[in-house]
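Data first, discussion second: the structure below is written as structure tokens.
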Amino acid sequence: MKIGRLYSFEAAHVVRDCASKRCKYSIHGHSYTAEIALSAKGLDKAGMIYDFGLMKREIGSIIDCFDHSTILFAGDDDSYKNMIKTHSARWIELPFNASAEQIARVLFALISKALSLTTMQNGENGVFLEYVKLNETAKGWACFEKADFENLGVDIASITCSQSVSSESGDIISRLSKNEKFINPKEL
């Protein structure tokens with residue numbers, strides 16, 4: 001059994017070294033939709049895999065880091081990155097190109113880590129992330145699944161973000177990289 005929730009965010013990027021000139025030379029944005037699916041070994045005290053309210057809040061705070069942000073590639077030209085960082089309050093820097101595939105991979109890593117560090121309070125039983133399906137456009141998507149993670153892990157400590165993203169998210173990316181525990185409340 002699986003449950004899922006849709007999230008949306010707006011973000012900009014450049015995807016260096018891709019085949020399309022527009023994509024690799026011009027900053028551009030997308031209205032992303034992320035489908036997040038969870039499974040568990042069993043149901044909690046309420047007969048659920050995981051409370052949708054908790055998904056909305058806990059996973060939503062990770063997704064919100066990307067909203068209205070420019071997603072940068074750490075290997076990109078320093079003058080370009082510095083210009084974005086100087087003129088934009090919200091940015092996230094990844095250790096690899098900011099393609100839909102890589103963004104789905106990063107979201108998978110962050111959400112998986114958050115779930116593994118969460119102290120469950122309602123008898124949740126082995127909750128884990130099945131997949132992240134990221135629609136970059138209405139017609140194009142990338143899906144990162146649990147089996148993919150074995151070969152394509154992400155060093156969360158290599159993800160950096162602006163002070164604005166950090167403060168608005170409660171420094172969640174840094175907290176995940178430091179393995180800080182999270183506690184789900186019994187009531188929302």
Run the 1.4 Å probe and let me know the accessible area of residue 159, rounded to the nearest 10 Å². 10 Å²
Quick check: the angle from helix 78-87's long axis to the longest principal axis of the chain, C-alpha only, nearest 10 degrees? 70 degrees
Within region 37-134, report the trypsin sites (Lys or Arg not before Pro) that DSSP leaves as loop and that have at most 15 other Cβ atoms within 10 Å. 41, 45
Selection of GluC sites (Glu not before Pro), region 53-154, meeting DSSP coil and at most 16 other Cβ within 10 Å: 150
Quick one: Karplus J couplings for region 163-175, per residue in order, coefficients 6.51, -1.76, 1.60, θ = phi - 60°, nearest Hz, x for Gly and Pro? 4, 4, 4, 4, 5, 6, 9, x, 6, 4, 5, 5, 4
Assigned charges on the beta-carbon of Lys, Arg, Asp, Glu; region 68-141 dipole about Cα centre (debye): 140 debye
In degrees between 0 and 90, to the nearest 10, how far off the longest principal axis of the chain does helix 100-116 point, with axes built from Cα atoms? 30 degrees
As a test of the formula, what do you get for the chain when each DSSP H run with n ≥ 4 contributes -39,500 (n - 2.57) and the sum is divided by the residue count, at 222 nm and rounded to the nearest 500 deg cm²/dmol? -7500 deg cm²/dmol
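The values are calculated or read from the model by the stated rules, or taken from the named source; none is laboratory data. In this text, all values refer to a predicted model and were calculated from it rather than measured experimentally. FYI the Cβ positions are ideal-geometry reconstructions off the backbone, even for glycines, and counts take in every protein chain you see. Note: areas computed on protein heavy atoms with side chains; ligands, DNA, RNA excluded. Shrake-Rupley method; radii C 1.70, N 1.55, O 1.52, S 1.80 Å.
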